[in-house]
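Taking it in order: structure first as structure tokens, then the write-up.
The values are calculated or read from the model by the stated rules, or taken from the named source; none is laboratory data. Remember, it's a predicted structure, so these values are computed and weren't measured experimentally. Don't worry about glycine lacking a Cβ; one is built from the backbone with ideal geometry, like all the others, and counts go over all protein chains shown. Surface areas here come from the heavy atoms of the whole protein model, side chains and all, with no ligands, DNA or RNA. Shrake-Rupley method; radii C 1.70, N 1.55, O 1.52, S 1.80 Å.
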Amino acid sequence: MSAADEIDPASSLYAWLAYDLRFYRQKRGLTGVQVGKIINCVRSHVANLEAGRACIDMGQAKALDEAWETGGHFERLLGFARSLHSPDWFRQSVEYEMKAGILRIYQGQVIPVPLQTEDYARAGLSMARVDDVEKALMGRMARQELIIGREEHPLMMVLLDQDALDRPVGSPEVMKAQLKRLLELGERANLSVRVIARSAGWHIGLNGPFQIMSLERRDVAYAGAFHGGRLVQDAAEVRAMAVDFELIGTKASSEAESRALIGKLMEEFA
């Protein structure tokens, strides 16, 4: 078994880069020599890249994205890997998102990051007074890529308050495109989007957004808060949050009713 065979893409973002380089090459039936011509290096260096002994640079990431028409996959992934240089909660939660088989997300005020369009994300970051919007946007889109961009993304169950759908973020065109994106994602077999209509009244989710990530052997959660958040790893607390998610779900409309509401709101932004 070669070093590339032993790469675990869930172990780190850099391991994911190495794994995807090999995966995309083999999927296209290319040799290391052919890939070397794309990124301007010799075959032995391509082998080192796939084994995780070296990492592509941004120029090489862009070259791969252009040659393979990935939509910017390698550039976003590399940018995100570089941005996560400190061992804080965000890095930990992203690592868990990469490994999760099931994601349960509740958000009451904005569209969750995995489901945002680029324009919606940019508008939100701009209004949040972020210093470097484009850098933050690259990180956000890369995080999205790691969750729903991969071929077998986790089962996702998303609960959204109506406020997240009809509160303008950016222009009407941005909102209409965002709601259309929700409808498109909701057609995936492993992604469910349900809406808690405003008429449902108060529910426990109004205490704040959170998500639960189901890993192979345990569940962890993240509770959102203003200017930060908290990673939850205590089993009892995570179970309590899972109960909260179910309770919120009892207030939510069916998938079909939710799609109808999203479609109605989308037309109102025309």
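Overview of results
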item	result
Tail fraction, Cα-Cα pairs, the range 187-263, threshold 18 Å, whole percent	51 percent
Rounded to 10°, Cα long-axis angle of helix 133-144 versus longest principal axis of the chain	90 degrees
Loop chymotrypsin sites (Phe, Trp or Tyr not before Pro), the range 190-270 (other Cβ atoms within 10 Å of the site Cβ: 13 or fewer; DSSP)	Trp202, Phe226
For Asp8, solvent-accessible area (1.4 Å; no DNA, RNA or ligand), Å²	80 Å²
Residues of type aspartates and glutamates that Lys180 reaches as a straight line, Cα spacing below 12 Å, ignoring anything fewer than 8 places off in the same chain	Glu267
Using a Förster distance of 22 Å, the FRET efficiency for Lys180-Gln109 (Cβ separation, nearest 0.05)	0.65
Nearest 10 degrees, 0 to 90: helix 235-249 Cα axis against the chain principal axis	60 degrees
Dipole of the range 71-205, positive direction: furthest Cα of Thr117, Ile204, Met127, with charges on the beta-carbon	Ile204
Mean Cα-pair separation over length for the chain, i.e. relative contact order, pairs under 8 Å, 6 or more apart, %	17 percent
Where N is the number of residues in the range 220-260, Cα Rg divided by 2.2 N^0.38 Å	1.49
In the range 1-155, lysine pairs closer than 25 Å at Cα, eight or more apart or cross-chain	6
List Cys55, Cys41, ordered by accessible area with a 1.4 Å probe, largest first	Cys55, Cys41
Solvent-accessible area, 1.4 Å probe, carbon plus sulfur percent, for the range 1-142	49 percent
Phi to ³J(HN,Hα) by Karplus 6.51 cos²θ - 1.76 cosθ + 1.60 over the range 200-214, Hz, x for Gly, Pro	6, x, 5, 8, 5, x, 5, 6, x, x, 7, 9, 10, 10, 8
Gaussian network model of the chain, springs between alpha carbon atoms under 10 Å - residue of Ala240, Ala47, Ala223 with greatest fluctuation	Ala240
Which of Leu261, Met58, Leu137, positive extreme of dipole for the chain (C-beta unit charges)	Met58
About the Cα centre, charge dipole magnitude for the chain (Lys/Arg +1, Asp/Glu -1 at Cβ), debye	220 debye
Among Leu247, Met213, Asn190 - extreme Cα towards positive end, dipole of the range 109-254, charges at beta-carbon	Leu247
Centroid-to-centroid separation of the range 43-77 and the range 256-270 [C-alpha atoms, Å]	40 Å
Stretch gain in nm, segment Trp202-Asp8, where the contour uses 0.36 nm per residue and the Cα spacing is subtracted	65.5 nm
Percent antiparallel among DSSP beta bridges (both partners in the chain, rounded to 5)	55 percent
Rounded tilt (10° steps) of 172-185 against the dominant C-alpha axis of the chain	80 degrees
Hits among aspartates and glutamates - C-alpha to C-alpha of Lys264 under 16 Å, sequence gap 8 or more where chains match	Asp161, Asp163, Asp166, Glu173, Glu184, Glu255
Computed lengthening from Asp132 to Glu118, 0.36 nm per intervening residue step minus Cα-Cα distance	3.5 nm
